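First the structure, in the form of structure tokens, and then the observations on it.
Just so it is clear, none of the values below were taken in a lab; they were calculated from the coordinates. None of these values were measured; they are calculated from a predicted model. We place every Cβ from the backbone using ideal geometry, glycine too, and count neighbours over all the protein chains shown.
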Amino acid sequence: MAAATLERFGQIDALINNAALYGGLSSGRVNELDEEEWQRVMNVNVTGVWRCAKVVIDPMKQAGGGSIVNIASLAALHGVANGAHYATSKAAVIGLSRTMARELGRYWIRVNSVAPSAVMTEGTSEFMGDRLEKAKEAIAAGQSLRRNLETEDLVGTVLFLASDASKFVSGQTIMVDGGTHFL
């Protein structure tokens, strides 16, 4: 990925890390979750984010800076009953983002995370299953902005963090959750 980008564009300005296993996960209480599935979630949602970030750091250093935007989740702050593997992995993404921001700031590499509420995707439909309509109603009712999050609702925040418009923002988690949590 990094090599192909460098070959085509000559430098890497931004990385948007949107790794997630979500749809298709088994739900269950903490003591009921399958250990293999737990590890798969961690491998994709945390290790995948780390691996992608790892390969863009040197090119960003050479370019004099850049932006890494890691997609976390409201689940990291809110918790998800029957979804500890997912919530824990997204909390790890926030911790990793903050650590990278501390380490990489001296190179003008900014690292932030975005924590959306449940985005109305196929994965959300799959994870919620037959509880989807009730879940959508409950999610919207718990927000200041009372509707469900669509993928296009994330674009502005991600573009802001990837661009020079946020050139002095690093180590932050920006909630895109319709006003569910105020940080």
- Within straight cross-link reach of K54, meaning Cα distance under 25 Å, which lysines are found once same-chain residues fewer than 8 apart are removed? K90, K167
- About the Cα centre of the range 2-176, how large is the charge dipole given +1 on each Lys and Arg Cβ and -1 on each Asp and Glu Cβ? Please answer in debye to the nearest 20. 680 debye
- Dipole check, the range 2-176, charges on Cβ (K,R +1; D,E -1), about Cα centroid: among L104, A84, S67 the Cα furthest to the positive pole belongs to L104
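Ranked highest first by the average count of other Cβ atoms within 10 Å around their residues, in what order do 27-36, 145-154, 69-78 fall?
On the way: 27-36: 11.6, 145-154: 14.2, 69-78: 22.7.
Ranking, from highest mean packing down: 69-78, 145-154, 27-36.
Would you mind calculating the gained length between E133 and T99 on full extension (0.36 nm times residue separation, minus the Cα-Cα distance), in nm to one decimal? Kindly include the intermediate steps, with their values, before the conclusion.
Numbers: separation 34, 0.36 × 34 = 12.24 nm, distance 3.74 nm.
Taking E133 through T99 to full extension adds about 8.5 nm, to one decimal.
Taking a quarter of the surface of the Cα convex hull of the range 27-183, what do you get in nm²? Working shown, then result.
Details: hull surface 38.6 nm².
It is 9.6 nm².
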